[in-house]
Amino acid sequence: MTRLLPLALLGIVGLLGCPTTPEEEEPRRRPGEGEGEGEGEGEGEGEGEGEGEGEGEGEGEGEGEGEGEGEGEGEGEGEGEGEGEVADGLDEVRAAAAGAVSINVTGAVVTYVRPNLGNFDEAGFFAQQSSTGPAVFVVGDHAVSAGDVVRFTATSVGNQDGLLGVLTLENLQVTGAANLASVIQDLSADAELVTGIDQRESELARVTLTLTADPTTASGGARKGTSSTAGGTTPTFRHFESAAAGLRNGCIVTVESPLGRFNAEVQVTVWEIEQIVAVDECLASVVGASVIDANTVTVNFSRAVDASSVLANGSQFTINGLAVTAATATGNSVTLTTADQTPGTSYTVEVGTTVLDIFGGLYDEAASTAGFTGFQPAQGCPAVGGGVFISEVADTLNTGGRFVELFNAGATPVDLSTFSLRLYSNGASAISQQVTLNGTIPSCGTFIVVNNATNFATVFPGVTPNQTAAAVINANGDDVFELANGGVGVDVFGVIGVDGTGQPWEFTDSIARRNANVVAGATAFDVAQWTIAGDAAGVPTPGVR
């Protein structure tokens, strides 16, 4: 998890009226360097001034002070107390005006390497001098790892939505390694976590947060919500991981991450699930089940499953009237192998209490079941390898009943973890909202994404949705939906950049259904492939192709 800690300010004594001269300053040293044996100070060899050998404290053997031959302080080889490379330069980077610079940074610890998530979260690494800072974000995909000690020359700096960054650099070198425990601070009880962000941004922090609202979809594919800390601060909690999607209002989450910001908004961000080190007061739940074929069922959970807690023989899962013979966990779902299902029969799967979430927590026993209908092969299914596409969109009079249905015209089930559904609202040319899909869509089967599962069940009793995405399934008949795979659009309903009001494809208060002869998606919208039933004339049929 990424968090930022306070910057160490040089010369602060001078600011209080007691000037500090360069001779008086103790240079920052890289955390974790070793200690040796020796008397005196220096690295030297011989007598007088110069470089030589002897016994001393430092990198070398030597006695006394001086550089050269004789007794003295100097540089040389031998036993001593080694202090490593001086940690320096990041304070100068932070003080520099935006633009071209030439600042040498040495002894900086890489605290976190951020993956490229696009938009406001591009690739780069956070570098920090000590547990009290300073720290900066370095833009770009560089060959470094967390815990590396690096040196580089910053060649330009700038401000990215309030966060200071090194935009370009040269001569990046890894010069050693450090234990991240030497630079992280626990700021959970710090009353200045938010007000001190100008000094602490980009610093590695451990923060325990209580979520005070359910995280909702935000820009750039993230989810975020308000939170509070023991110090009385209210940073924004932000995450990208679908595995963390079950986190909600009231959950207590401990994160290790560089402190971030979006202008004045202080953010504690989880880019990777490993950044969450603890979750309390936050039971996850079973959210649904979907049939893949006559012998396969997928059980979906609100939070990723600890795969090691799932027994391969499937004995932790029971289904009325149906034997379970195997189970495999992947992400937020468990795939079960069953005896032959009776087509059209209603089944209920129950999850045992020994199945754990990714944080080692139990699932809520009050929400540990899900229903599904026995596999029934579609009549006249066009299983010709056409793949997954949008088959129906609905704007029901009850907005909670809105849905988008996908269909798999291929001959094999498809894992949807690389797919996303995008919404373009009111003629937008850029993505307004998007959600990563979670689950598997069977051959000749459907996958239903809904606005509100409870309201959907009221409008369409007996139909089990596969996923809920309120921010995306929020079209009112004049918006555009796009299906993407691996970040690339593969199908679209409507014309991106055009408001659908008055267009032939408007489906306000009704539905748009793909014609039965269509067996593949299309990146260019063709209204002739659709039957549009506007003005309440259409009858939605989720789950039926």
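The values are calculated or read from the model by the stated rules, or taken from the named source; none is laboratory data. Note that the structure is a prediction, hence the values are computed from the model and not measured. Note that each Cβ is placed from the backbone with ideal geometry, even for glycine, and that neighbours are counted across all protein chains shown.
Output the residues belonging to the stretch 369-379 that are surrounded by 18 or more Cβ atoms within 10 Å (Cβ to Cβ) and modelled with pLDDT of 85 or more. Steps first, please.
Step one: filter the stretch 369-379 for residues surrounded by 18 or more Cβ atoms within 10 Å (Cβ to Cβ), giving 370, 372-375.
ALA370, PHE372, THR373, GLY374 - these are the residues of the stretch 369-379 that are surrounded by 18 or more Cβ atoms within 10 Å (Cβ to Cβ) and modelled with pLDDT of 85 or more.
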Checklist entry - Is the stretch 206-220 home to any residue that is within 18 Å of ARG114 (Cα to Cα) and in contact with a helix residue (DSSP H, G or I) (Cβ under 9 Å, 6 or more places away or on another chain)? => result no
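Only one residue in PHE359, PHE262 is surrounded by fewer than 21 Cβ atoms within 10 Å (Cβ to Cβ), among the aromatic types (Phe, Trp, Tyr) and in contact (Cβ under 8 Å) with a residue 40 or more places away in the chain. Which one? Full working, then the answer.
Values: PHE359 fails: surrounded by fewer than 21 Cβ atoms within 10 Å (Cβ to Cβ).
Checking each option against the conditions leaves just PHE262.
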Next on the checklist: Looking at the stretch 466-486 only, could you name the residues that are at negative phi and over 24 Å from the mean Cα position of the chain (by Cα)?
Outcome noted: ALA475, ASN476, ASP478, ASP479, VAL480
Item to check | Identity of the residue in the stretch 184-209, buried (at least 18 other Cβ atoms within 10 Å of the Cβ) and over 19 Å from LEU164 (Cα atoms), that ends up farthest from the chain's Cα centre (by Cα) | outcome: ASP190
Next on the checklist: For the stretch 156-187, which positions are assigned to a strand (DSSP E or B) and among the polar types (S, T, N, Q)?
Outcome noted: SER156, ASN159, GLN160, THR168, ASN171, GLN173, THR175, GLN185
Checklist entry - Tally time: how many residues in the stretch 391-408 are surrounded by fewer than 23 Cβ atoms within 10 Å (Cβ to Cβ) and at pLDDT 80 or above? => result 1
Checklist entry - Residues in the stretch 173-181: is at least one touching a Ser or Thr at 6+ places or on another chain (Cβ under 9 Å), more than 30 Å from ILE252 (Cβ to Cβ) and crowded, with 20+ Cβ neighbours inside 10 Å? => result no
Checklist entry - Which of the residues that make up the stretch 429-479 are in contact (Cβ under 8 Å) with a residue 60 or more places away in the chain, under 24 Å from THR345 (Cα atoms) and of a type in the set (S, T, N, Q)? => result THR440, SER443, THR446, THR458, THR464, ASN466, GLN467
Item to check | Only one of ARG248, ARG223, ARG238 that is within 21 Å of ALA469 (Cα to Cα) and buried (at least 23 other Cβ atoms within 10 Å of the Cβ) | outcome: ARG238
Next on the checklist: Just to be sure before I move on: is THR354 crowded, with 22+ Cβ neighbours inside 10 Å, of a type in the set (Ser, Thr, Tyr), closer than 19 Å to VAL305 by Cβ and modelled with pLDDT of 90 or more in the structure I sent?
Outcome noted: no
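Tell me which residues, restricted to the stretch 175-223, are among the basic types (Lys, Arg) and either at pLDDT 95 or above or under 18 Å from GLU256 (Cβ atoms) (or both).
Across the stretch 175-223, the qualifying residues are ARG200, ARG206.
Which ones in the stretch 188-207 are basic (Lys, Arg) and in a strand (DSSP E or B)? Lay out the reasoning, then the answer.
To start, the set of residues in the stretch 188-207 that are basic (Lys, Arg) comprises 200, 206.
If the condition is that a residue be basic (Lys, Arg) and in a strand (DSSP E or B), then ARG206 is the only one that fits.
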Item to check | Matching entry among GLY331, GLY387, GLY314 (being modelled with pLDDT of 95 or more, of a type in the set (Gly, Ala, Ser) and on the phi > 0 side of the Ramachandran plot) | outcome: GLY314
Checklist outcome for this item: The correct count of residues that are modelled with pLDDT under 90 and assigned to a helix (DSSP H, G or I) in the stretch 265-299 is 2
Next on the checklist: Being part of a strand (DSSP E or B) and either at pLDDT 95 or above or more than 24 Å from VAL266 (Cβ to Cβ) (or both) is true for just one of VAL144, VAL109. Which residue is that?
Outcome noted: VAL109
